[in-house]
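Contents: one structure, followed by commentary.
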Amino acid sequence: LKRGASFRDAAFMGIMRWAFFNKLKEMYPNVSMTYGYITKYVRINNGLEKTHAVDARCISDNPLAEPLGVVYNQKFVRCNNRSLHKANPKKGVRKNNQAPRYVQGFQLFDKVKFEDKECFVFGRRSSGYFDIRLLDGTSIHKSVGYKKIRLLEQRSSLLTERRLA
């Protein structure tokens, strides 16, 4: 017999939504609940396209507000790589799996500037070359030297990228 789809996530959200809403209601009395069909109705009546930003404006009861033209993309990243040694050591010699934390003053996920573009360090090599990308994974340069990039902001577990919409 094959099991059907699990409803664990839906049940969790059904319970947590109300707990979250009640907690917010205690902190901010003017909080209200809405549903997807209401958002869709408002969006269609105003002739707007289906995007996350437009839905947010519809939920705020101001669907025809002029957008700022700026979008902030955020991503959570790991703080540590706990795999200390290579998985399959050759000839019993356990090789280190981790690169040094800092290479030429840069570490993984630092925000850097390269040719007037803000990007992030996604890979580092002990030779001083870095793989830099945008938060969505778009590669800017596979191997750029440390002399061509400038540190804008040190890493945190929540990376934020500003984009023009």
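Yes/no matrix, rows are residues, columns are (1) among the basic types (Lys, Arg); (2) open to solvent by 100 Å² or more (accessible area, probe 1.4 Å):
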{"site": "LEU24", "(1), (2)": "no, no"}
{"site": "ARG43", "(1), (2)": "yes, no"}
{"site": "LYS50", "(1), (2)": "yes, yes"}
{"site": "PRO63", "(1), (2)": "no, no"}
{"site": "VAL70", "(1), (2)": "no, no"}
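Look through region 72-99, keep the residues that are closer than 30 Å to GLU118 by Cβ and more than 20 Å from the chain's Cα centre (by Cα), and return whichever of them is surrounded by the most Cβ atoms within 10 Å (Cβ to Cβ).
First, pick out the residues of region 72-99 that are closer than 30 Å to GLU118 by Cβ: 72-83, 97-99.
Checking which are more than 20 Å from the chain's Cα centre (by Cα) leaves us with 82-83, 97-99.
Numbers: ARG82: 8, SER83: 9, ASN97: 12, GLN98: 11, ALA99: 14.
Per the stated criteria, the residue is ALA99.
Identify the residue in region 26-41 that is open to solvent by less than 80 Å² (accessible area, probe 1.4 Å) and in a helix (DSSP H, G or I) and, among all such residues, is nearest to ARG163 (Cα to Cα).
Just the residues of region 26-41 that are open to solvent by less than 80 Å² (accessible area, probe 1.4 Å), to begin with: 31, 33-34, 36, 38-39.
Checking which are in a helix (DSSP H, G or I) leaves us with 36, 38-39.
Values: GLY36: 27, ILE38: 29, THR39: 25 Å.
The selected residue is THR39.
If we keep just the residues of region 100-126 that are polar (S, T, N, Q) and surrounded by 10 or more Cβ atoms within 10 Å (Cβ to Cβ), which is farthest from TYR146 (Cα to Cα)? I'd like the intermediate steps shown before the answer.
Applying the first criterion (polar (S, T, N, Q)) to region 100-126 yields 104, 107, 126.
Narrowing the set further to residues that are surrounded by 10 or more Cβ atoms within 10 Å (Cβ to Cβ) leaves 104, 107.
Values: GLN104: 7, GLN107: 11 Å.
Selected residue: GLN107.
Would you mind telling me which numbered condition in (1) closer than 30 Å to ARG155 by Cβ; (2) outside any helix (DSSP H, G or I) ALA65 fails?
Condition (1) is where ALA65 drops out.
The values are calculated or read from the model by the stated rules, or taken from the named source; none is laboratory data. Only a predicted model underlies this, so the values are computations on that prediction, with no experimental measurement involved. Heads up, the Cβs are rebuilt from the backbone with ideal geometry, glycines too, and the neighbour counts pull from every protein chain shown. Calculation scope for accessible area: heavy atoms of the full protein, side chains included, ligands and nucleic acids excluded. Shrake-Rupley method; radii C 1.70, N 1.55, O 1.52, S 1.80 Å.
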